[in-house]
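Novice: Encoded as structure tokens, here's the structure I'll be asking about.
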Amino acid sequence: MNAVNFNMLALLDELSELVYISDVDTYEMIFINESAKSLFSINTDVCGRKCYEVLQGRSSPCSFCTNAKLSHDKFYTWEIYNRKVSRHYLLKDKLISWNGREARLEIAFDITEKENQKDTLKNALDAEVAVLNCVKVLTEAESYSEAVSKVLENVGLFLAAERTYIFEIRDKLIDNTYEWCAPGVSPQIDNLQGLPVGLISFWRESFDAGQCFVITDIEELREARRDEYEILRAQKIRSLIAAPLVVDGRLIGYLGVDNPPAARILHLSPLLITLANFITGTMQRSLYQRRLEELSYNDMLTGLHNRNAFIRDVESLSKNGFESLGIIYVDVNGLKKYNDEYGHAAGDLALVKTAKTVESVFHEKGNSTYRIGGDEFVVLSPNSSEEYFNALVAKLKAKICRDEDGMQSFSMGWCWASGGCDIQDLLTEADEQMYLDKKQFYRSKAASKRYRVCNDEVLGLGDPEALRRQLDDDRFFVYFQPKVSVADHKPIGAEALTRYLSSEGALIAPDQFISMLENNRLIWMLDFWVFGFVCRKIRQWLDLGKKVLPISVNFSRATISEADFVERLEEAWRQWNVPKELLEIEVTETVEVDDEKNFLEIVKRVKEAGFQISIDDFGARYANLSLFASSCFDVLKIDRGLVRDLPDNPTAFAVLKAIADICKKMNIRVIAEGVENDRQLKALMEIGCDGLQGFHFSRPIPLEEYQAKYLNAQDGHGMA
């Protein structure tokens, strides 16, 4: 070695970077500096040993060797990850002459920290993309089950895990409800049902702190937590990480990942916690949707199918055809008597008893029983023989009970026909027979103020001229039922309700003539008459200097769905020109509408015209859900059927609480109808309603009583 080479080696030994020199042809090491010796733990002379053996731990030349790319003129720069020392390097290589030999000079700069930062950033970005993809799946999928399954697959593939899953806590047990398995991994879901919740007692501390629970090696559990260890070992789990699923501070389950890469397991918590939150939100939305769908198709009081289910099934029968069809119409007798004399609880009991009676006869598969209105029930018996159907009709007739006055519990009409007939014709025939049965029963009784004594007179209102005369002769009266604030029970408005005075002096409630007017397409005459009456009264009150509260006026969906409804409404309003904020257009849902999209558009136009829009009977009709989704209204009125059982129905409470929360965010006021006792009141206050209406505060009262009580001493409270 000449003096020049010796001096150069001495200089290279002083560098902190790694430096070595090797023979290009033989790969034999010529020199390695002190920094490299220290890193590679070299204590002996390396001269004569192969560079690939010393630096890479290989037995043959490296496949990535750059000797062929080197020159004497300039350095060749490249990067490599050295697995022997687990470091990233930036390399600068050059050919040099060494004692007459062609040699390779390599200087290595450690860039491990920089590469780790790049990897961390890349992993974070990849994780963010993975989360966004999962959120997209959760928000766009129509099926919650499909969405969760897809998310578990995405998470498993992204993390290179063997299995991903969800466990849900049900009382004191936990069930594996969803899972994804990598190829070659055996599913475990069937073996993981009904496990004691105590198995995850050690996990709860992490879960309660909002953190993931991590097991890096299950062998650590072998002695201390044997039961847990055996269950995990049976699933071939070596390590796992689990994120809590929490709703309103309550643990309802967890999201788990089995056997993720060991190097990543401690860095997965933020990703899984974020996904768990989104999964929990989707889970709750799915639960509420299922409950809303149940409300949409089932009558909460009787447990039967409701009117919406009836319309759905009639449409299905019409579309798919049938060999034969038997139909029964049932109407409860004297429901008004029960409600007026004994309270609505007694009226509800009469409805429930009727439902149970009809269902007990037509309970066999293929028959379907519906409550389609307040006191009306229908049975559809498709593809049944006439003999079978008539036998069931006879059995039902035999079950008609009578009260202490000799009054039969319900009236009924029926018909049966073979295929090819029109369902609407059959429904009309059965309905007409039911009315004949009811008229004959009441005609055999002494005159009273009960419903159907005046049935013939009420039916006469189906003639437009007769209805016009009764309106002109002031035979219809407007009653007012106050609405009160939840906070202090002070009046915040009222609802206008109609009554009809028969020729015998009986005051007939609207449920006894509204359906008939709707069926005859005459309800618009009554609706606009009431609207004009309310506008006129508000104008009179304002002119007298009274403090006026908003009044809601009911409009049938048959009326509001007419193409020129908004124009007619504006025309009626202009006659009295009262502040629109004192008028609330309340949409009832007694009649179904074929063109829902057109109906929603009309409701939107009413709101744009400056009127307040109130959606009545929420929870009793499917259409309410469509209207709720459209958010083109100001007030949501909770159906009395939901309010009735609220204190004892956790499902109804949860649904209404969610609805009230959503409405608050959307600036929609929530009014509960049918409030009759303190228990209902307490539950509604917990839910967060804005207003209340019901017998607990006031029955519908005549105009004179309303004026005396609510127009002389107002204190400024109002809904507008």
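Novice: From the Cα gyration tensor of the stretch 163-225, with a ≥ b ≥ c the square roots of its eigenvalues, which class applies: rounded if a/c is under 1.5, or else prolate if a/b is larger than b/c, or else oblate?
Specialist: Judged from the Cα gyration tensor, the stretch 163-225 comes out oblate (a/c at least 1.5, b/c at or above a/b).
Novice: Just check the stretch 495-590 against the gyration tensor rule for me: Cα atoms, a ≥ b ≥ c as the square roots of the eigenvalues, rounded for a/c under 1.5, and otherwise prolate or oblate depending on whether a/b exceeds b/c.
Specialist: Numbers: a/c = 2.22, a/b = 1.31, b/c = 1.69.
Here the stretch 495-590 falls in the oblate category.
Novice: Another question, then. Explain nothing, just the number: relative contact order of the chain, from Cα pairs under 8 Å at least 6 residues apart, as a whole percent.
Specialist: Contact order relative to length: 7 percent.
Novice: Excluding same-chain residues fewer than 8 positions from Lys74, which lysines have a Cα within less than 22 Å of its Cα?
Specialist: Cα-Cα hits under 22 Å: Lys92, Lys94.
Novice: Next question, about the same structure. Against the longest principal axis of the chain, how steep is helix 386-398, in degrees 0 to 90 to the nearest 10, with axes from Cα atoms?
Specialist: Once rounded, the angle reads 70 degrees.
Novice: Can you tell me how much longer the chain between Thr216 and Ser41 gets when fully stretched, taken as 0.36 nm per residue apart minus their C-alpha distance, in nm with one decimal?
Specialist: Result: 59.9 nm gained on full extension.
Novice: Whole number in Å², please: accessible area per residue of the chain, 1.4 Å probe, ligands, DNA and RNA not counted.
Specialist: 48 Å²
Novice: Heavy atoms only, probe 1.4 Å: what % of the accessible area of the chain goes to carbon and sulfur, would you let me know?
Specialist: C and S atoms contribute 49 percent here.
Novice: So what's the back-of-envelope 222 nm ellipticity for the chain, counting only DSSP H runs of four-plus at -39500 (n - 2.57) apiece and dividing by all residues, rounded to 500?
Specialist: Computed ellipticity for the chain at 222 nm equals -13000 deg cm²/dmol.
Novice: Of the peptides 78-85, 331-338, how do they stack up when ordered by the mean number of other Cβ atoms within 10 Å, highest first?
Specialist: 331-338, 78-85
Novice: Here is a further query. Between rounded, prolate and oblate, where does the stretch 278-322 land on the alpha carbon gyration tensor, with a ≥ b ≥ c its root eigenvalues, rounded for a/c under 1.5, else prolate if a/b exceeds b/c?
Specialist: oblate
Novice: Taking 22 Å as R0, compute the FRET efficiency from the Cβ-Cβ separation of Lys353 and Asp648 and round it to 0.05. Don't jump to the answer; show the numbers that get you there.
Specialist: On the way: r = 19 Å, r/R0 = 0.86.
Approximately 0.70, to the nearest 0.05.
Novice: How far is helix 3-14 tilted off the main Cα axis of the chain, in degrees rounded to 10, range 0 to 90?
Specialist: 30 degrees
Novice: Which distance in nm do the two modelled labels at Ile273 and Thr77 give, with both placed 7 Å along the Cα-to-Cβ direction?
Specialist: Between Ile273 and Thr77, the label points sit 4.1 nm apart.
Novice: Highest first, please rank the peptides 188-198, 663-673 by the mean number of other Cβ atoms sitting within 10 Å of their residues. Please report the intermediate quantities before stating the final value.
Specialist: Numbers: 188-198: 13.5, 663-673: 18.6.
Result, highest mean first: 663-673, 188-198.
Novice: Taking the highest mean first, how do the peptides 699-710, 545-556 order by number of other beta carbon atoms within 10 angstrom per residue?
Specialist: Highest mean packing first, the order is 545-556, 699-710.
Novice: Another one. Average the reciprocal distances over every distinct pair of alpha-carbons in the chain, invert the result, and give the Kirkwood radius in Å.
Specialist: 32.5 Å
Novice: Taking the Cα atoms only, what angle lies between the long axis of helix 269-297 and the longest principal axis of the chain, rounded to 10 degrees?
Specialist: Compared with the principal axis, the helix lies near 20 degrees.
Novice: Let me know the charge dipole size of the stretch 12-94 about its Cα centre in debye, to the nearest 20, where only the beta-carbon of Lys, Arg (+1) and Asp, Glu (-1) is charged.
Specialist: The calculated dipole for the stretch 12-94 is roughly 380 debye.
The values are calculated or read from the model by the stated rules, or taken from the named source; none is laboratory data. Please read all numbers here as calculations on a predicted model, not as lab measurements. So basically every Cβ, Gly included, is an ideal-geometry build from the backbone, and we count neighbours across all protein chains shown. For accessibility, only protein heavy atoms count, side chains too; no ligands or nucleic acids. Shrake-Rupley method; radii C 1.70, N 1.55, O 1.52, S 1.80 Å.
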